[in-house]
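Student: One structure is given below, represented as structure tokens, and several questions about it will come after.
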């Protein structure tokens with residue numbers, strides 16, 4: 001299981017952007033974080049054109065399918081659909097890893113029992129503003 005932002009485990013950070021210009025303010029070889037929405041498709045296209053790794057935060061299984069098709073390296077899903085998202089990712093052999101954001105360490109076991117690829121603590125996300 002991948003752990004991002006856990007206090008014991010060193011890991012990469014994700015840089016939350018909301019525009020193409022914000023990408024310039026991120027370190028080289030960063031993994032960018034953005035929410036899936038139609039308004040962000042131009043940013044996603046720019047990211048793909050420039051071979052930048054990214055994580056997409058989705059809300060439902062339809063957006064999960066879009067995130068995979070758009071080339072996300074990681075897909076962040078709500079806990080409520082985590083098991084279904086993981087099953088879909090395995091069934092369709094997604095290249096992306098399924099992540100769930102958690103608040104407490106006590107949630108690790110629950111997500112591990114569901115077979116979730118990885119967990120994300122809030123401090124792994126760094127907001128970048130223009």
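Student: Hey, residue 91 hits all of (1) surrounded by 13 or more Cβ atoms within 10 Å (Cβ to Cβ); (2) under 23 Å from residue 110 (Cα atoms); (3) out of contact with any strand residue (DSSP E or B) (no Cβ under 9 Å at 6 or more places or on another chain) but one; which does it fall short on?
Tutor: (1)
Student: Sticking with this structure for a sec: So which helices (runs of 4 or more DSSP H) are wholly in segment 53-130 and hold at least 1 residues that are out of contact with any helix residue (DSSP H, G or I) (no Cβ under 8 Å at 6 or more places or on another chain), in contact (Cβ under 8 Å) with a residue 40 or more places away in the chain and within 27 Å of residue 7 (Cα to Cα)?
Tutor: Working: elements: 61-69, 82-91, 107-114.
Where helices (runs of 4 or more DSSP H) fall fully within segment 53-130 and carry at least 1 residues being out of contact with any helix residue (DSSP H, G or I) (no Cβ under 8 Å at 6 or more places or on another chain), in contact (Cβ under 8 Å) with a residue 40 or more places away in the chain and within 27 Å of residue 7 (Cα to Cα), they are 107-114.
Student: Taking segment 12-41 on its own, how many of its residues are touching a helix residue (DSSP H, G or I) at 6+ places or on another chain (Cβ under 7 Å) and either part of a helix (DSSP H, G or I) or at pLDDT below 95 (or both)?
Tutor: 1
Student: In this structure, is residue 97 touching a strand residue (DSSP E or B) at 6+ places or on another chain (Cβ under 8 Å) and surrounded by fewer than 16 Cβ atoms within 10 Å (Cβ to Cβ)?
Tutor: Details: touching a strand residue (DSSP E or B) at 6+ places or on another chain (Cβ under 8 Å): yes; surrounded by fewer than 16 Cβ atoms within 10 Å (Cβ to Cβ): no.
Judged against the criteria, residue 97 is not a match.
The values are calculated or read from the model by the stated rules, or taken from the named source; none is laboratory data. If you're wondering where the values come from, they're calculated on a predicted model, not measured in any experiment. Virtual Cβ from ideal backbone geometry, glycine too; neighbours counted across all protein chains shown.
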